[in-house]
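These notes concern the structure reproduced below.
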Amino acid sequence: MNEERAPVVLPWLDEPRFECFGCSPRNKIGLALKMYRLGDGRLGTDITFSDAYASYPGVVHGGIVSVLVDELMGDLIALDRGLLAFSVTLRTKFLQPMQTGTPYQAVARIVRESGGVVHAEADVLDADGTPHVMANSAYQPISSEQAEGHMGLVGADRERLAHYFDHAIG
């Protein structure tokens, strides 16, 4: 985990209505992930889960780990492709339990685009580089019509964020 890292400032963090559980610093119960770019283009974040995110004593809840990898992959797509997307599939393979109070690094990469869908993968590694979690997901870009319907983005909000919608990929 001694790779070159460049801090990434997520451009949507200043949005007034934005309180994402994964990355917003305004969400009091969220993860408030701080991300960085690795030299090979992957997006990474470091995290140590507290007992507040445990299932069994000392073990991080699998659903929270799924949030971590989904957030990282989705943010990578937004940053690299300039579009917002919903995850339509998320497969998370837990190789071994993650411990609370233990530092981990999560990294994500885009692996392909086809049929209007972006596919990404993520891994969660311990300090020795041992993988604990491997994930992959398919993301469907959000149209401006979907943003209006699902997120209530209308008027000035929709116009301000229009550059994230209605992209053609494939």
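Quick notes on this structure:
- Degrees separating the helix 62-81 axis from the principal Cα axis of the chain, which is the longest one: 40
- Radius 14 Å from Cβ of PRO103, net charge of other residues (Lys, Arg +1; Asp, Glu -1): -2
- Length gained on full extension, ASP40 to GLU113: 24.4 nm, using 0.36 nm per residue less the C-alpha separation.
- The chain - percent of accessible surface contributed by carbon and sulfur, probe 1.4 Å: 53
- Taking all protein chains into account, the per residue accessible area for the chain stands at 52 Å² (1.4 Å probe).
- Applying 1/(1 + (r/R0)^6) with r as the Cβ-Cβ distance of GLU159 and SER50 and R0 = 41 angstrom yields a FRET efficiency of 0.55.
- Here, the chain is characterised by an Rg to Rh ratio of 0.97, where Rg is the alpha-carbon radius of gyration and Rh the Kirkwood radius.
- Sites ASP126 and GLU3 - FRET efficiency at Förster radius 22 Å, r taken between beta-carbons, to 0.05: 0.90
- Convex hull volume of the Cα atoms of segment 42-105, normalised per residue: 94 Å³.
The values are calculated or read from the model by the stated rules, or taken from the named source; none is laboratory data. Just so you know, these numbers come straight off a predicted model, no measurement behind them. Note: ideal-geometry Cβ built from the backbone for every residue, glycine included; neighbour counts use all protein chains shown. The protein model used for the area step is the full one, side chains on, heavy atoms only, and it has no ligands, DNA or RNA in it. Shrake-Rupley method; radii C 1.70, N 1.55, O 1.52, S 1.80 Å.
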